[in-house]
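The values are calculated or read from the model by the stated rules, or taken from the named source; none is laboratory data. Quick caveat: nothing in here was measured; it's all calculated off a predicted structure. Because the Cβ atoms are built from the backbone with ideal geometry, glycine has one as well, and the counts that use them run over all protein chains shown. Only protein heavy atoms, including side chains, enter the accessible area calculation; ligands, DNA and RNA are left aside. Shrake-Rupley method; radii C 1.70, N 1.55, O 1.52, S 1.80 Å.
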Amino acid sequence: MSTENSRGKTPGSRAGSAALTPPAEAIAPVRHPDAPPPGELLGAHYEHCFGCGDGQPHGLHLQARAAQGVRVTAEFMVKAAHQGAPGLAHGGVLATALDETLGSLNWLLRVIAVTGRLETDFVRPVPVDTLLHFDAEVTAVHGRKIYSTATGRIGGPDGPVAVRADALFIEVKVDHFIDNGRPEEIRAAMADPDQVRRARAFEVNP
């Protein structure tokens, strides 16, 4: 993850590493026919997720919505519990918000995928009580690799750029979670009678 300040760059654009550049044979992403329609709130994929879950009192409670194509928008209110320096959002919290937004894209592809690489630019400080608006999209797919990008703006979709990221997600099977997660949480998630909620619990995990 790049933590350097990027004020010298053009807002809304970034130069990612070679690992985040899709190969020439990569294909354009295809929105799954059963993906939520544009404008629909995606909701928390897992109650105890720090990024979006309602069961985390100090979590981000990020809310993502499906957009056109293979794209989502999301919003996150920076609270006092998210501070790093006095009165400012912690950089790791901002990176988490980007990761959560980017992970939501996989629901539009209807695949289970995990974060393989995340490169973040912190463009300007983000004060507590700031509403951050995120816009993310999948740019390419190559086999199990899903390439995506996101931008976070202060106050709304037309606000100044505060953070941005490029990411590589890797498609996995549900065994990734069963084999590596703490057994009690895995058992509880698998026992959920709600089929959609059970599937979404394993939607994304770093």
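For segment 146-205, the candidate set comprises residues that are surrounded by fewer than 19 Cβ atoms within 10 Å (Cβ to Cβ) and basic (Lys, Arg); within that set, the residue that is modelled with the highest pLDDT is LYS173. Determine if segment 37-56 includes at least one residue that is in contact with a Leu (Cβ under 7 Å, 6 or more places away or on another chain), modelled with pLDDT under 85 and open to solvent by less than 80 Å² (accessible area, probe 1.4 Å). Within segment 37-56, one or more residues are in contact with a Leu (Cβ under 7 Å, 6 or more places away or on another chain), modelled with pLDDT under 85 and open to solvent by less than 80 Å² (accessible area, probe 1.4 Å). Of all residues in segment 1-27, those that are among the aliphatic types (A, V, I, L, M), open to solvent by less than 70 Å² (accessible area, probe 1.4 Å) and either modelled with pLDDT under 55 or assigned to a loop (DSSP other than H, G, I, E, B) (or both) total 1. Return the residue satisfying two criteria in turn: it lies in segment 65-83 and is over 10 Å from VAL128 (Cβ atoms) and out of contact with any Phe, Trp or Tyr (no Cβ under 9 Å at 6 or more places or on another chain), and of such residues it is surrounded by the fewest Cβ atoms within 10 Å (Cβ to Cβ). Taking the candidates together, the pick is GLN68. When restricted to residues that are closer than 23 Å to ALA81 by Cα and open to solvent by less than 10 Å² (accessible area, probe 1.4 Å), segment 104-122 contains 2. Checking GLY84, GLY69 one by one, the residue that is modelled with pLDDT of 90 or more, in contact with a Lys or Arg (Cβ under 7 Å, 6 or more places away or on another chain) and among the small types (Gly, Ala, Ser) is GLY69 and no other.
As an exercise: evaluate GLY59 against (1) at pLDDT 75 or above; (2) part of a loop (DSSP other than H, G, I, E, B); (3) of a type in the set (Gly, Ala, Ser); (4) closer than 16 Å to LEU102 by Cβ and give the number of the one condition it does not meet. Only one criterion in (1) at pLDDT 75 or above; (2) part of a loop (DSSP other than H, G, I, E, B); (3) of a type in the set (Gly, Ala, Ser); (4) closer than 16 Å to LEU102 by Cβ is unmet by GLY59, namely (4). Applying the set (1) in contact (Cβ under 8 Å) with a residue 60 or more places away in the chain; (2) open to solvent by less than 10 Å² (accessible area, probe 1.4 Å); (3) closer than 20 Å to ASP34 by Cα to THR101 leaves exactly one unmet item: (1).
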